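J.: Quick one: the structure is below, and I'll ask about it shortly.
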Amino acid sequence: QVQLVESGGGLVQAGGSLRLSCAASGRIFSINVMGWYRQSPGKQRELVATMTTGGRTNYADSVKGRFTVSRDNAKNTVYLQMDSLKPEDTAVYYCNADGVQTPWGRYGDRWGQGTQVTVSS
């Protein structure tokens, strides 16, 4: 059983910063891609940023230059440093792990429970 637990959300003023963390637990050998998605009311879930085991990153255009994704492969943990936050960044942020290698097989698309980020103007 692979579980993702997020932390670090909250309320911040526009221009401020927040750091999200997500730790994967269970019998895990490796995780190919870890990252973050977000969903606002009435909108579809969208990619924010991801990182592969080898360090390759992918960012949504709307967060490039403001958000930084990083990970600790040894701890199966991914982080999202969010700077220069804007009200339009307000959303529930979900951690994602894809290509999770365990003793029982390889699994795709595991999700955390989500953490609320609210940016006030």
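The values are calculated or read from the model by the stated rules, or taken from the named source; none is laboratory data. Remember, it's a predicted structure, so these values are computed and weren't measured experimentally. Here the Cβ positions follow ideal geometry from the backbone for every residue, glycine too, while neighbour counts run over all protein chains shown. These accessible areas exclude ligands, DNA and RNA; they are computed on the full protein's heavy atoms, side chains included. Shrake-Rupley method; radii C 1.70, N 1.55, O 1.52, S 1.80 Å.
J.: Filter the stretch 73-114 for residues that are hydroxyl-bearing (Ser, Thr, Tyr) and either closer than 26 Å to Gly54 by Cα or out of contact with any strand residue (DSSP E or B) (no Cβ under 7 Å at 6 or more places or on another chain) (or both) and give the result.
T.: Thr77, Tyr79, Ser84, Tyr93, Tyr94, Thr102, Tyr107
J.: Could you tell me whether the stretch 107-116 includes any residue that is open to solvent by less than 60 Å² (accessible area, probe 1.4 Å), assigned to a strand (DSSP E or B) and aromatic (Phe, Trp, Tyr)?
T.: no
J.: Moving on. Of the numbered conditions (1) assigned to a strand (DSSP E or B); (2) closer than 16 Å to Leu4 by Cβ; (3) of a type outside the set (Val, Ile, Thr), Arg27 fails exactly one; give the number of that condition.
T.: The failed condition is (1).
J.: With the condition being surrounded by fewer than 16 Cβ atoms within 10 Å (Cβ to Cβ), I'd like the strands (runs of 3 or more DSSP E) fully within the stretch 39-82 carrying at least 2 qualifying residues.
T.: It comes to 46-52, 57-59, 67-72.
J.: Given Ser25, Ser21, which one is in contact with a strand residue (DSSP E or B) (Cβ under 6 Å, 6 or more places away or on another chain), open to solvent by 40 Å² or more (accessible area, probe 1.4 Å) and on the phi < 0 side of the Ramachandran plot?
T.: Checking each option against the conditions leaves just Ser25.
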